[in-house]
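The values are calculated or read from the model by the stated rules, or taken from the named source; none is laboratory data. These numbers were taken from a predicted model, which means no experiment stands behind them. All Cβ positions, even for glycine, are placed from backbone atoms using ideal geometry, and neighbour counts span all protein chains on display.
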Amino acid sequence: MNKPKVSIIVPIYGVEKYLHQCVDSILAQTLKEIEIILVDDGSKDKCPQIVDEYSKKDPRVIAVHQPNGGYGRAVNHGIELAKGEYIGIVESDDWIEPNMYEELYNKAIQTGVDIVKSNFFNTFSSGEFKNTWAKDFNISTFPFNFKDNPIFLYFHPSIWSCLYKRNLIIKNNIRMQEIPGAGWTDNLFQVKTLFYSQKIVYIDDAFYHYRRKHVDDAKDLKDWHIPFNRTKEIHEWMRQQKITDINIWGCLYKRELGYMYMALRMIPFKQIRDAIPYIIFCVKDMEPNILSSCPYIKSREKNKINSLIKYPLRSVLIYKVVKNILIKNFKTVLNFMISIHISSDWIIQLLGIQIAKGKYTTYPALIKFKIGE
């Protein structure tokens, strides 16, 4: 095969259930000049056999097997082997539209950019939706430099919805952090690729189906330490690079505040005191002059940060009580006060008094009246 236009790296671990759908969607690409690097990261299920089967069926598929080293090491192994002009990453429990890489590659060639980033679908078992970034933040669809559009740092890293010029990755020695599991290793990778790129272009069309289990990302977070650890590492790297742009830092702070509250939603009440030092470190590492002058940080976000700096324990406890007790039980309280349910049986409930016909009496009520059988 001639030099591929795109090298697609698929880090794989324990996704036997989804792997066929993922790889089949890549093999179905309308852009045929691709290589598909399947990196089995020491899977204990049938993934290794599935990887080998695909490599035997299609010469574009490269089978790689390595001892378990985590998401970052698997992607790095793929980068070392990649020969394409551009590099893409597909996570092994997701899938893509047939025209994804043809559209991204053509856009890259037309514009000469280092990164093409597209929109994506958040896919749940109940359905899916496309992000509204372009509309919400007025993102340009013309090539731009990261400094001109730092709000990109506020978005989900979604490195798998991008196409990267291979030379950008190799020249600047950009690699994933090699830590156990996944651990948000894509965060620093995203920051580095954006920083080193000369030009980026955004496509608002969605081609990538990002499989999610929960609407609230916090429920997918396996360890609440992760956002705080990644924050520290990104800040250290940016200071090493002597990045002083207040808008880049400000948009990073904006995202990190969201991550902090994501972690707070996950942290059990009994571990709140353990988390306070991490929170204090993160908010006190945010430069006051950047918080006050960055136009991307809204007043309510500044108030949250200032509150966490001055009264960390109180702020966290109030948030946990409101989020975990009041909001979580709001629907139950509302149904108790007033609700109407019409079906083969019916219920009308007002101020905790419920009138029900038939056997349908599941709503909470102080007093229940049953009409008929």
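Assorted remarks:
- Within the range 25-56, the set of residues being under 17 Å from Tyr101 (Cα atoms), without any contact (Cβ under 8 Å) to a residue 40 or more places away in the chain and part of a helix (DSSP H, G or I) comprises Leu27 only.
- Apart from one condition, Ile305 fits all of (1) of a type in the set (Val, Ile, Thr); (2) surrounded by 12 or more Cβ atoms within 10 Å (Cβ to Cβ); (3) over 21 Å from Ile226 (Cβ atoms); the exception is (3).
- Checking each residue in the range 245-269 for being acidic (Asp, Glu) and under 16 Å from Pro157 (Cβ atoms) picks out only Glu256.
- For the range 283-310, residues that are within 26 Å of the chain's Cα centre (by Cα), closer than 15 Å to Gly250 by Cβ and part of a helix (DSSP H, G or I) total 9.
- Failed item in (1) within 23 Å of Val23 (Cβ to Cβ); (2) without any contact (Cβ under 8 Å) to a residue 24 or more places away in the chain, with Gln110 passing the rest: (1)
- When residues of the range 21-76 are limited to those that are under 21 Å from Arg211 (Cα atoms) and among the β-branched types (Val, Ile, Thr), the one surrounded by the fewest Cβ atoms within 10 Å (Cβ to Cβ): Ile50
- Scanning the range 77-118 for residues that are surrounded by fewer than 22 Cβ atoms within 10 Å (Cβ to Cβ) and of a type in the set (Lys, Arg) gives Lys83, Lys107.
- Listed conditions (1) within 23 Å of Val322 (Cβ to Cβ); (2) surrounded by fewer than 20 Cβ atoms within 10 Å (Cβ to Cβ) are all met by Gln241, apart from (1).
- Looking only at the range 120-151, and only at residues there that are in contact with a helix residue (DSSP H, G or I) (Cβ under 6 Å, 6 or more places away or on another chain) and part of a helix (DSSP H, G or I), the one that is surrounded by the fewest Cβ atoms within 10 Å (Cβ to Cβ): Phe137
- For the range 78-119, the set of residues classified as assigned to a helix (DSSP H, G or I) and more than 23 Å from Trp133 (Cβ to Cβ) consists of Gly78, Ile79, Glu80, Leu81, Ile109, listed by residue number.
- Pairs, first closer than 11 Å to Glu85 by Cβ in the range 158-172, second hydrophobic (A, V, I, L, M, F, W, C), C-beta under 6 Å, six or more apart: Leu163/Leu104; Leu163/Ala108; Leu163/Val116; Tyr164/Ile87; Tyr164/Ile115; Arg166/Ile87
- A count restricted to the range 108-121 and to residues that are more than 21 Å from the chain's Cα centre (by Cα) and within 8 Å of Leu163 (Cβ to Cβ) stands at 1.
Rundown of residues vs (1) at pLDDT 95 or above; (2) more than 16 Å from Phe228 (Cβ to Cβ), yes/no style:
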{"site": "Gly250", "(1), (2)": "yes, yes"}
{"site": "Met260", "(1), (2)": "no, no"}
{"site": "Lys284", "(1), (2)": "no, no"}
{"site": "Ser292", "(1), (2)": "no, yes"}
{"site": "Leu334", "(1), (2)": "no, yes"}
{"site": "Ser339", "(1), (2)": "no, yes"}
{"site": "Ile342", "(1), (2)": "no, yes"}
{"site": "Lys357", "(1), (2)": "no, yes"}
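- Comparison of Tyr210, Tyr202 shows that the only residue that is outside any helix (DSSP H, G or I), at pLDDT 90 or above and in contact with a Lys or Arg (Cβ under 8 Å, 6 or more places away or on another chain) is Tyr202.
- Any chance Tyr259 is touching a residue at least 40 places away in the same chain (Cβ under 8 Å) and either of a type outside the set (Gly, Ala, Ser) or out of contact with any His (no Cβ under 7 Å at 6 or more places or on another chain) (or both): no
- Any hit, the range 315-323, residues being loosely packed, with under 14 Cβ neighbours inside 10 Å, in contact (Cβ under 8 Å) with a residue 40 or more places away in the chain and either more than 21 Å from the chain's Cα centre (by Cα) or within 21 Å of Asn187 (Cβ to Cβ) (or both): yes
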